[in-house]
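The values are calculated or read from the model by the stated rules, or taken from the named source; none is laboratory data. Just so it is clear, the structure is predicted and the values come from calculations on it, not from any experiment. When we count neighbours, we look across all protein chains shown, and the Cβ atoms used for this are built from the backbone with ideal geometry, even at glycine. To get the accessible areas, we keep the full protein, side chains included, count just its heavy atoms, and leave off ligands, DNA and RNA. Shrake-Rupley method; radii C 1.70, N 1.55, O 1.52, S 1.80 Å.
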Amino acid sequence: RIYKLTLGYEHFSVARVLHNIGIMYAYKDERDIAMKCFKKSLSIRISASELGDADLSVADSLCWMGKIHRENEELFDARECFMVAHKTKSAILGTHHPECADVLHNIGVVCDDLNLHPQSLSCYSQALAIRRANVTDVYDVTGMNEVCETLNCIATVYRTTGERQKALQFYQQSLKRRVRIVSAVISDKDQISTLLRTYEDVISLLKLEVSESNEKSDMLGQIGKLLLEMGKLYDNRLRKLSKAMLYYQRALEVFKEMKNYKRIGD
């Protein structure tokens with residue numbers, strides 16, 4: 001209100017406040033009010049900026065509008081918002097900027113919603129290349145998480161389209177990194193939960209491969225090893241002993257089936 005009175009209704013600062021109010025309502029899941037704030041903010045930003053709609057703040061508004069459109073299942077509107085935002089961010093920040101990867105990832109998600117899997121794979125692949133290039137080191141937890149997020153999305157697309165071996169390949173890449181992430185953080189239950197879900201994704205695909213393969217020993221060994229690692233997570237990191245025992249028992253059953261007495265001893 002103060003900004004409106006002192007600077008005028010169409011000032012950039014008013015747009016910024018409206019944008020932040022929109023974010024607040026979006027987090028409260030009051031999407032209609034949030035969308036009104038973002039639309040008004042967008043209108044002011046376009047008219048107030050010397051660059052018009054080719055302004056980063058405009059792209060930011062469009063990204064938030066895209067998220068709300070997707071939550072409202074207005075998928076074509078969501079994709080349009082993200083695509084325009086990506087065009088603007090790429091022109092200003094460069095095509096290899098992390099923010100461009102974020103928008104590409106979101107376009108991929110919406111394309112998945114629309115069952116446009118070739119398009120989603122293209123977006124995810126571009127996002128993955130950018131995110132990988134921007135990981136600073138093995139202890140860059142945020143960067144590694146973003147890489148894993150995109151790897152999992154690619155794996156899910158391949159799983160949906162029936163390309164199990166490709167799905168397994170990308171889930172395993174994600175799993176390797178998520179293990180590293182969890183080893184780098186002291187006590188983050190969300191990270192551990194995400195890692196456990198990735199273990200389950202890999203195990204479920206390996207079980208399907210086992211059922212159709214003549215060479216079962218190697219894959220059964222992988223399943224047993226993963227179940228054992230899950231048991232250790234529940235045991236040593238989450239302190240859920242009954243859950244840990246369940247996974248230890250499942251691993252034991254696999255190693256008994258393989259007659260892998262060394263593993264049974266472990």
Karplus-derived HN-Hα couplings along segment 139-153 (A = 6.51, B = -1.76, C = 1.60, θ = phi - 60°), whole Hz, x at Gly and Pro:
9, 7, 5, 4, x, 5, 4, 5, 4, 4, 4, 6, 4, 5, 5
Calculate, for E74 and K259, the FRET efficiency according to 1/(1 + (r/R0)^6) with r their C-beta to C-beta distance and R0 41 Å; round to the nearest 0.05.
0.15
Where the chain is the region considered: accessible area per residue in Å², 1.4 Å probe
56 Å²
For the chain, what is the calculated [θ] at 222 nm in deg cm²/dmol (nearest 500), taking -39500 (n - 2.57) for each run of four or more DSSP H residues and dividing by its residue count?
-26500 deg cm²/dmol
Ranking request for peptides 226-233, 29-36: highest mean number of other beta-carbon atoms within 10 Å first, then the rest in descending order.
226-233, 29-36
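What is the mean projected area of the alpha carbon convex hull for the chain, to one decimal in square nanometres?
Convex hull of Cα atoms, orientation-averaged projection: 17.4 nm².
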For helix 12-27, report the angle its Cα long axis makes with the longest principal axis of the Cα atoms of the chain; keep it between 0 and 90° and round to the nearest 10°.
30 degrees
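Compute and list, largest first, the equivalent-ellipsoid semi-axes of segment 27-103 from the alpha carbon gyration tensor, each √(5λ) rounded to a whole angstrom.
So the three semi-axes of segment 27-103 are 20, 16, 9 Å.
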Largest-first principal axis extents, alpha carbons of segment 153-266, Å
36, 36, 19
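Rounded to a whole number, what % of the accessible area of the chain do carbon and sulfur atoms account for, probe 1.4 Å? Could you put the intermediate results ahead of the total?
Values: 7690 of 14800 Å².
Of the solvent-accessible surface of the chain, carbon and sulfur hold 52 percent.
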Would you mind checking the tilt of helix 98-113 against the longest principal axis of the Cα atoms of the chain, expressed as 0 to 90 degrees and rounded to 10?
70 degrees
For segment 92-228, build the convex hull from the C-alpha positions and give me its volume per residue in Å³.
114 Å³
With springs only between Cα atoms under 10 Å apart, run a GNM on the chain and tell me which of D113, D137, D102 wobbles the most.
D137
With x for Gly and Pro, the residue-by-residue ³J(HN,Hα) of segment 120-136, computed from phi through the Karplus equation 6.51 cos²θ - 1.76 cosθ + 1.60 at θ = phi - 60° and given in whole Hz, is 5, 4, 4, 5, 4, 5, 5, 4, 4, 4, 5, 5, 4, 5, 9, 5, 6
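Which FRET efficiency value, to the nearest 0.05, is calculated for Q169 and D137 with the Förster distance at 35 angstrom and r the Cβ-Cβ distance?
Efficiency, from the Cβ-Cβ distance: 0.90.
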Could you name the lysines in cross-link range of K216, using Cα to Cα under 23 Å and dropping any fewer than eight places away on the same chain?
K166, K176, K207, K225, K256, K259, K262
